[in-house]
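Heads up: the structure comes next, in structure tokens.
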Amino acid sequence: MTETPHGQGAALPLTASNPGTGFTQPGYNFYEVVGGHDTFVKLVDVFYDGVADDPLMRPMYPEEDLGPAKERLLLFLEQYWGGPKTYGEQRGHPRLRMRHMPFQVSPAARDAWLKHMRTAVDALELPPLQEQTLWDYLDRAAHSMVNSA
């Protein structure tokens, strides 16, 4: 159980504003704390700068232009971390594993994805607690997408 500010032992639900990281203060919103839209735009831009030239990753993005993929990732991350709900309004439930099934996500692809995402997270220069919170989620998400040897 997560301790609430009032000393009650009720656990808070895991949500974008409380992704299970000990941020239980009422009104805490990770999205806002780390800088909101501009921060997530930078994260996604730096990530896709790496993907664009990666021979393993680039073929996984079928559009000629990476713009649509960038937009989807931006909207997903913003919603997950407590920002606008645009992703859900446009695309419904994320269903991340289902949406990635058409692609062979091997451990090598996971590692390449994580390499580019690590560069992007580092570019944000977040305080250590927020950096670790973001990275822990991204690392777990990447590992859960592996669907081939």
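The values are calculated or read from the model by the stated rules, or taken from the named source; none is laboratory data. Predicted model only: the values in this text are computed from it and were never measured. Virtual Cβ from ideal backbone geometry, glycine too; neighbours counted across all protein chains shown. For accessibility, only protein heavy atoms count, side chains too; no ligands or nucleic acids. Shrake-Rupley method; radii C 1.70, N 1.55, O 1.52, S 1.80 Å.
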Site residue 118, offset 7 angstrom along Cα→Cβ, radius 20 Å on amide nitrogen, limited to segment 36-78, gives 43-58
Between residue 58 and residue 143, the FRET efficiency computed from the C-beta separation at R0 = 25 Å comes out, to the nearest 0.05, as 0.70
Of segment 48-91, those with amide N under 20 Å from the point 7 Å along the Cα→Cβ vector of residue 28 are 78-84
Expressed in square angstrom to the nearest 10, the accessible area of residue 139 with a 1.4 Å probe stands at 50 Å²
As straight-line cross-link partners of residue 115, the qualifying lysines (C-alpha separation under 25 Å, not fewer than 8 residues apart within one chain) are 42, 70
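What net charge do the residues around residue 130 carry, taking every other residue with its C-beta under 12 Å from that of residue 130, with Lys and Arg at +1 and Asp and Glu at -1? Show your work: numbers first, answer last.
Details: positive: none; negative: 32, 125, 131, 136.
Charge balance in the 12 Å sphere: -4.
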If the chain between residue 72 and residue 86 were fully extended at 0.36 nm per residue, the gain over the current Cα-Cα distance would be 4.1 nm
For residue 72 the rounded accessible area (nearest 10 Å², probe 1.4 Å, non-protein molecules ignored) is 80 Å²
